[in-house]
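Enquirer: Please read through the structure below; I'll follow up with questions.
Only the coordinates and a few stated rules stand behind these numbers; no lab work does. Values in this document were obtained by computation on a predicted structure and should not be read as measured data.
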Amino acid sequence: MELKKLGNNETQVNQNGYLVLYSYHTPVAIHHLASGQEWRTSKKWSATTSKHINKWVSDKAIAVTQETLEAIIKDGYTSALQRN
């Protein structure tokens, strides 16, 4: 796992083939390195967290629930979809 500080309260973690954006202590977006697929939380957070997300993801990022986002991080994309 590789941790990279991007700014105040904004961190990127490289883990298990995914880049995960954390705003404060919450995962809010994911980039799958092998496929290029991106997901962002559909949950409404603060203006600052929204700026972090919008700066980090492309316009092709798929909005998913916070629960699905966390399941992708924990179990991988395929497993998360099978559960939902």
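Enquirer: Which lysines, if any, have their Cα less than 17 Å from the Cα of residue 44, not counting same-chain residues under 8 positions apart?
Expert: Filter leaves 55.
Enquirer: So what is the relative contact order for the chain, in percent, with contacts set as C-alpha pairs under 8 Å and at least six apart?
Expert: 20 percent.
Enquirer: Here's something else I'd like to know. Given H placed on each backbone N at 1.01 Å, which residues far from residue 24 in sequence or on other chains put an amide H within less than 5 Å of it?
Expert: 10, 11
Enquirer: With axes computed from alpha carbons, what is the tilt in degrees of helix 66-75 against the longest principal axis of the chain, rounded to the nearest 10 within 0 to 90?
Expert: 60 degrees
Enquirer: What 222 nm value per residue comes from the helices of the chain, counting each DSSP H run with n ≥ 4 as -39,500 (n - 2.57) and dividing by all residues, nearest 500 deg cm²/dmol?
Expert: -9000 deg cm²/dmol
Enquirer: Hey, another quick one. Going by alpha carbons, how many degrees (0 to 90, nearest 10) lie between the helix axis of 47-56 and the longest principal axis of the chain?
Expert: Between helix and principal axis, roughly 60 degrees.
Enquirer: Consider all pairwise Cα distances in the stretch 2-83 and report the whole-number % of them above 20 Å.
Expert: 23 percent
Enquirer: Please list, in chain and number order, the residues 5+ apart from residue 37 or on another chain whose amide H is under 5 Å from its amide H, with Hs placed from the backbone.
Expert: Residues meeting the criterion, in which the H sits 1.01 Å from N, are 32.
Enquirer: Amide H to amide H under 5 Å from residue 43: which residues, 5+ apart in sequence or cross-chain, H placed 1.01 Å off N in plane?
Expert: Amide H neighbours of residue 43: 66.
Enquirer: Still on this structure, please answer the following. Got a sec to turn the phi values of the stretch 32-43 into Karplus ³J(HN,Hα) couplings, 6.51 cos²θ - 1.76 cosθ + 1.60 with θ = phi - 60°, whole Hz, x for Gly and Pro?
Expert: Coupling constants for the stretch 32-43: 7, 5, 5, 9, x, 5, 10, 10, 9, 5, 8, 5 Hz.
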